[in-house]
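The values are calculated or read from the model by the stated rules, or taken from the named source; none is laboratory data. All of these numbers come straight from a predicted model, not from anything done at the bench. No Cβ is skipped: glycine too gets one built from the backbone with ideal geometry, and neighbour counts run over all protein chains shown. Protein only, heavy atoms only, side chains kept; ligands, DNA and RNA dropped before computing areas. Shrake-Rupley method; radii C 1.70, N 1.55, O 1.52, S 1.80 Å.
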Amino acid sequence: MSKRFSTIETTRILFEHPRIMFSLIQRMDRASERFVRESDLTHAVVEYTSSMKARERARLIRAFSSDNLFHSTLVIDIDNVEGERRLVFQEPLIGLLRACNASLYQELTDARLRTRLVGLWDTQARLMVSSFHRADPDFVELIDDLNEQVSLLIGLLRQNIDRMQGISSDLAGISAEASRSPEQFAQFRQTLLQQIAHLYERHLKPTLAFLNPDTRLEDGDNLLATLESIKSLLDRNGWEAAANQLFRATLSLNAMHRPIEVVAREVDNFLRKTRNGMLQYNAMAHHFERLQSLHRDTQTQDLRKTRLSAQDFVQQTGFMRGLKGHSRPKPYAFGESVSYFQVLFSEIELRLSDIQRASKAPDLPQLAASTAPALTDIRRIEKLFGWIDTLELRSSPDLVKELHGRLHGFIEGYQFPDLLGALNRFSNGPVAGGRVITSNRFRTLVHEDGHLFVYRRRRLDTGQKQNQINGAGTS
């Protein structure tokens, strides 16, 4: 048992059986500690090797012993606190193990990001008084340190972006539990909100602010402004290669802002979901997956399966019944016939005519401000009829709707009862060059004040050929 493994052999054994270290790192993160208790390490190794043969078990116990880990330099320090031994592993080793398991990535916090930024501020200050000479070892080391800081920062952010993008699958798994009873869902949502809000406030939001070029700090420039300042220093002193390398790193950091924003929007949308919304989303996703499965069956080499076999799907799905009884929506597209463009130009000329006549539109008296309601009502209807009699009309499949649109846009003080007066004028009075035909088909018109008007459709026929074509095509 006194035999020790070399550093390479010990590292190889650790990565051959990574579950031991994964469990220890998870325990460290939950306790927010930077060390591993020797008792936890021993328990994890014994539990992992319980089903192994004696020889292999002894080999792993020897490799994961505190003495072997320390002498192989994978553990850099062993501290004894109140009779409890604590092991501090090499940070690169922990980082490599985190890279092997995306769930072990540590979300960036404001403190960790600020530490990186302070390091860049220090490098910037040292560059300002540097010689910028290749023969100066301090300057060469400073450039190497700058490149290392930027590379580590990019790698750290990239790892966390991968971890954040995996949040979508985590949210989908959480949403699948929303089918529980309303009583349990209330407690479930409370716990969920605490977890997601902590993730957003402590990790997503600081990272977005760190990468935002418009962020203002009290004691220095933001990240991108600091990198731009360092790049300018290198450019002015003839170090173009280093400046270009830093410029490319700045572009990479700037591009990382977008995927984090996408994750932040997903988290925000998830927090806004209610239980019913989750259930509806899960139902749609379930039925969509069933349709995809039916569609995949038609993509095989079996020539007999060219259509979806969805009879069972329709019978088992309530919202699909009676779907064929609904008429399909009518498409609207530009026509190619001469009559279509004649109607289009006629409509444009009519709108231009209304705009030109807008300056002459009457200002109808307000009934509520009058002391003589009957007299004011007469004056109001006279002004309205005077305007209506000068309108240029063409054939229309719905006279009520057309009158409402033309009066509402040009008459100051127009109210919904004025439309009834205009309709009465056309129904009981002469129409120049045309006639009003009332049908038994009903239509609905909603005014901006909330009034709902149900009316019989009135068609205006002026006898013009091009307008008859339009009326026949849209009625």
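Residues in the range 376-385: is at least one polar (S, T, N, Q), modelled with pLDDT under 75 and over 43 Å from the mean Cα position of the chain (by Cα)? Working first, answer last.
Just the residues of the range 376-385 that are polar (S, T, N, Q), to begin with: 376.
Next cut, modelled with pLDDT under 75 only: 376.
Narrowing further to those that are over 43 Å from the mean Cα position of the chain (by Cα): 376.
Yes, the range 376-385 contains a residue that is polar (S, T, N, Q), modelled with pLDDT under 75 and over 43 Å from the mean Cα position of the chain (by Cα).
Could you list, in sequence order, the residues of the range 246-269 that are of a type in the set (A, V, I, L, M, F, W, C), in contact with a helix residue (DSSP H, G or I) (Cβ under 7 Å, 6 or more places away or on another chain) and either free of Cβ contacts under 8 Å to residues at least 40 places away in the same chain or under 20 Å from GLN149 (Cβ atoms) (or both)? If you could, list the steps in order and put the result at the bottom.
As a first pass, look at the range 246-269 and keep what is of a type in the set (A, V, I, L, M, F, W, C): 246-247, 249, 251, 253, 255-256, 260, 262-264, 267.
Okay, now just the ones that are also in contact with a helix residue (DSSP H, G or I) (Cβ under 7 Å, 6 or more places away or on another chain), so 246-247, 249, 253, 256, 260, 263-264, 267.
Residues satisfying the conditions are LEU246, PHE247, ALA249, LEU253, MET256.
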Lone unmet requirement of (1) in contact with a Gly (Cβ under 7 Å, 6 or more places away or on another chain); (2) more than 19 Å from GLY220 (Cβ to Cβ) for GLN149: (2)
Candidates ILE25, ILE20, ILE8, ILE61, filtered to the one that is aliphatic (A, V, I, L, M), touching a residue at least 12 places away in the same chain (Cβ under 8 Å) and open to solvent by 50 Å² or more (accessible area, probe 1.4 Å): ILE61
Criterion violated by ARG55 - all others in (1) of a type in the set (D, E, K, R); (2) more than 28 Å from GLN245 (Cβ to Cβ); (3) surrounded by 11 or more Cβ atoms within 10 Å (Cβ to Cβ) satisfied: (3)
Residue satisfying all of: in the range 192-251; open to solvent by less than 60 Å² (accessible area, probe 1.4 Å) and among the hydroxyl-bearing types (Ser, Thr, Tyr); nearest to ARG114 (Cα to Cα) among these: THR207
Residue list for the range 5-54, restricted to those being over 28 Å from GLU82 (Cβ atoms) and either in contact with a His (Cβ under 7 Å, 6 or more places away or on another chain) or among the charged types (D, E, K, R) (or both): GLU9, ARG12, GLU16, ARG19, LYS53
Condition met for GLU336 (surrounded by fewer than 13 Cβ atoms within 10 Å (Cβ to Cβ) and modelled with pLDDT of 70 or more): no
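Given the criterion at pLDDT below 65 and surrounded by 15 or more Cβ atoms within 10 Å (Cβ to Cβ), identify the matching residue among SER179, SER175. Walk me through it before giving the result.
Details: SER179 fails: surrounded by 15 or more Cβ atoms within 10 Å (Cβ to Cβ).
Being at pLDDT below 65 and surrounded by 15 or more Cβ atoms within 10 Å (Cβ to Cβ) holds for just one of SER179, SER175, which is SER175.
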Count - residues of the range 104-140 that are under 43 Å from the mean Cα position of the chain (by Cα) and either more than 30 Å from ASN68 (Cβ to Cβ) or free of Cβ contacts under 8 Å to residues at least 40 places away in the same chain (or both): 22
Filter result for GLU84 (surrounded by fewer than 12 Cβ atoms within 10 Å (Cβ to Cβ), over 42 Å from the mean Cα position of the chain (by Cα) and either within 30 Å of HIS198 (Cα to Cα) or touching a residue at least 12 places away in the same chain (Cβ under 8 Å) (or both)): yes
